Amino acid sequence: MEKAGRAPEVQVPEGTDAASRAQRRAWRDRLNDDSFRRMLIGVLVTLVGGSFWGFSGTAASILFDVYHVDTLWLMSTRQILAGALFLIVILLFDRKRFVKLWTTPEHRRIQIVFTFCGLCANQLFYLLAVRLTNAGTATVLQCLQLVFIMGYTCLRDHRSPRRRELAGLVLAFAGTFLIATGGDITQLAIPPAGLAVGLLTAVGASLITILPVKILREYGSTVVTGSGMALSGIVMSLIFQPWSHVPAFDANGWIVLAVFVFIGSFLAYLLYMHGVKEIGSVRASLIGTVEPVSATVTSALLLGTAFAGTDILGFGLIIAMVFLTV
């Protein structure tokens with residue numbers, strides 16, 4: 001007979017404790033597995049890198065709206081400073097592959113085409129799109145690169161688009177229509193020039209993915225991207241001489257410029273491309289959809305940019321397109 005006041009013992013089903021220990025042991029084994037750890041790190045750095053790209057659009061908007069910075073001045077300054085940071089990393093850790101890239105004629109030609117037709121064009125059109133629209137809209141329009149990549153892939157492989165790709169195409173056009181017109185077919189909600197350079201931004205972004213495939217495999221993303229940044233920065237600086245007409249920045253202006261160059265350019269590319277290396281382009285593209293979300297949220301919080309319901313719906317459709325087409 002049980003004593004008064006004594007709680008009855010709880011009967012634990014046999015095997016429950018053993019199953020729990022086995023589950024914890026399995027998780028420890030996974031965390032100790034090198035490939036699993038690299039995957040987790042790849043996911044994290046890709047997420048952070050994509051978010052940092054979103055910051056660059058908002059920082060550019062502040063520099064345009066508050067400090068009235070010239071687009072070409074900002075681009076040439078960004079390229080030369082971010083390129084210099086990349087070169088420091090390359091010369092410290094990857095000097096041999098850097099030298100090999102620039103001393104191999106075929107690969108040097110690919111690098112030059114990638115630099116000016118992909119990297120340089122994409123960044124110029126992106127900054128123009130930010131100036132003419134806003135950071136969130138410009139970044140979402142850039143996501144249309146996947147439509148161009150899909151078209152190129154179909155032509156290269158001599159095949160028709162798959163069902164999910166066609167569905168993604170419909171979503172892309174629907175999202176662009178909502179952003180451009182606000183749902184009213186009789187008028188444009190953003191300037192026609194803003195829509196045009198937004199689409200050119202997507203073309204440039206698709207060329208960044210398509211053009212350097214061969215050299216990326218051999219030299220790595222840091223060497224290829226850093227070389228492109230440095231080369232375009234040198235050429236643009238020689239043409240536009242940004243040091244001769246520096247804007248009148250206050251302390252906040254210099255901070256925003258530093259965020260734009262170091263976080264929104266150098267770190268964004270460094271982290272995101274490392275993520276691509278670790279988890280592959282498909283997963284990286286999916287996680288990279290945080291970029292327009294980051295640009296939209298930071299633009300709304302820091303600049304008070306107002307987005308209509310049709311804008312948000314259009315953003316959602318284009319992000320859904322990304323999940324269907326990668």
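Just so it is clear, none of the values below were taken in a lab; they were calculated from the coordinates. What you see is a predicted model, and the numbers here were worked out from it, not measured in a lab. Virtual Cβ from ideal backbone geometry, glycine too; neighbours counted across all protein chains shown.
Just a few scattered comments:
- Among the residues of segment 130-154, those that are hydrophobic (A, V, I, L, M, F, W, C), within 21 Å of F52 (Cβ to Cβ) and in contact with a Pro (Cβ under 7 Å, 6 or more places away or on another chain) comprise V140, C143.
- Any chance L144 is crowded, with 18+ Cβ neighbours inside 10 Å and more than 18 Å from L231 (Cβ to Cβ): yes
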